[in-house]
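Peer 1: Structure incoming, see below.
Quick note: the coordinates plus some simple rules give every number you see, no bench work behind them. Being a predicted model, the structure only gives us computed values, none of them experimental. In this analysis, Cβ positions are derived from the backbone assuming ideal geometry, glycine residues included, and neighbour counts consider all displayed protein chains.
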Amino acid sequence: MAIKIGVIGATGMAGSAVYQEAFDQGFDVTAIVRSTVKAHKTLGQDAKVLEKDAFALTKEELLQFDVIINAFATAPALAYRHIDLAAYLIGLFRETTVPRLIFILGAGSLMTGEDNHLLLEDLKKLPDAASWVSIPDNQKKELDFLRNIDNVNWTGVSPGITFQAGEATQYKLGTDYLLFGEDNESVTNSGTMAKAIVSEIIKPSSEKKRFTVVNA
């Protein structure tokens, strides 16, 4: 039987790419979204949909899946909801190994530079940071939370500095350090992210840890 995957936030940039990659590789994939109409417009009329707010999902509804991918996105003013949703999902599946929970994180929690500082420190210094930096800040806190969880089968994945819509490319994988491609740019296409996540589902190597992926 095909692995069953649920994608929370499947109409967003990351979520839609993951949905499509999983579908193309033959998985039984369901979009978990607030709007069926938007899901069908984004993913196609044949897309399987579970229409529900992520915070209202029940354990029973989610137990049908082998893997749940959290591609939740929100406005900077509500960035703390990244932590809230992670805590909610972890709370549902304490003392379990199935479903596997995969969280799409930000790049701010990656280390960089000769002094191994967090990229988040550099992001906070950018001129317009005040309007958006709460997102990477809270996603870093989300990873901090996950790293204290030892009784749920979780995995985190971070993109490079620039996370953009685009087709899958060859890619480089790492763990906690910011990566750069051959062009010395730290860029991750949504398709590249999706390809790496589906590969991780097929052959798990980052259980209870975070990995990072960039375009090669």
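Peer 1: If the label point is 7 Å along Cα→Cβ of residue 115, which residues in the stretch 124-146 have backbone nitrogen under 20 Å from it?
Peer 2: Of the residues in the stretch 124-146, 124-127, 137 have backbone N under 20 Å from the label point off residue 115.
Peer 1: OK, next. List residues of the stretch 89-113, by number, whose backbone nitrogen lies under 15 Å from a label position 7 Å along Cα→C-beta of residue 208.
Peer 2: From the stretch 89-113, the list is 94-98, 100-101.
Peer 1: With viscosity set to 0.890 mPa s at 25 °C, what whole-number translational diffusion coefficient in µm²/s follows for the stretch 1-98 from Stokes-Einstein and a Kirkwood radius over Cα pairs?
Peer 2: The Stokes-Einstein estimate is 179 µm²/s.
Peer 1: Hey, what number do you get for the chain at 222 nm if only DSSP H runs of n ≥ 4 count, each worth -39500 (n - 2.57), divided across all residues, to the nearest 500? List each step's numbers first, then the result.
Peer 2: Details: 7 runs with 67 residues, N = 216.
Theoretical 222 nm ellipticity from helices: -9000 deg cm²/dmol.
Peer 1: Let me ask something else. With r as the distance between the Cβ atoms of residue 64 and residue 87 and R0 = 35 Å, compute the FRET efficiency 1/(1 + (r/R0)^6) and round to 0.05.
Peer 2: Details: r = 22 Å, r/R0 = 0.62.
In this case the efficiency is close to 0.95.
Peer 1: Relative contact order for the stretch 1-90: what percent, with Cα pairs under 8 Å and sequence separation of 6 or more?
Peer 2: Values: 139 pairs, mean separation 30.2, N = 90.
Value for the stretch 1-90: 34 percent.
Peer 1: Under a point spin-label approximation (7 Å from Cα along Cα-to-Cβ), what is the residue 75-residue 170 distance to one decimal in nm?
Peer 2: Reported label-point gap for residue 75 and residue 170 is 4.3 nm.
Peer 1: Report, by chain and number, residues whose modeled amide H sits under 5 Å from the one on residue 48, excluding near sequence neighbours (fewer than 5 apart, same chain).
Peer 2: Correct list: 31.
Peer 1: Okay, next question. Residue by residue through the stretch 132-139, what is 3J(HN,Hα) from phi via Karplus (6.51 cos²θ - 1.76 cosθ + 1.60, θ = phi - 60°)? Round to whole Hz and write x for glycine and proline.
Peer 2: 9, 5, 4, 5, x, 4, 6, 5
Peer 1: Would you mind checking which residues have amide H under 5 Å from residue 156's amide H? H placed 1.01 Å from N; only 5 or more apart, or other chain.
Peer 2: Hits under the 5 Å cutoff: 103, 209, 210, 211.
Peer 1: On to the next question. Taking amide H positions as placed 1.01 Å from N in the peptide plane, with prolines and chain starts having none, which residues 5 or more places from residue 69, or on another chain, fall under 5 Å of its amide H?
Peer 2: Close amide H contacts, sequence-distant or interchain: 6, 7, 8, 102.
Peer 1: Could you tell me how far the Cα centroid of the stretch 2-33 sits from the Cα centroid of the stretch 150-196, in Å?
Peer 2: 17
Peer 1: Bins of 10 Å, beginning at zero and ending with the bin holding the largest distance: percent of Cα pairs per bin for the chain, please.
Peer 2: 9, 35, 39, 15, 2, 0
Peer 1: Of the residues 156, 106, 174, which exhibits the maximal mean-square fluctuation in a Gaussian network model of the chain defined by a 10 Å Cα contact cut-off?
Peer 2: 174
Peer 1: In the stretch 144-174, whose amide N lies under 17 Å from the spot 7 Å out along Cα-to-Cβ of residue 129? List them in ranges.
Peer 2: Only 161-162 fall inside the zone, counting backbone N under 17 Å.
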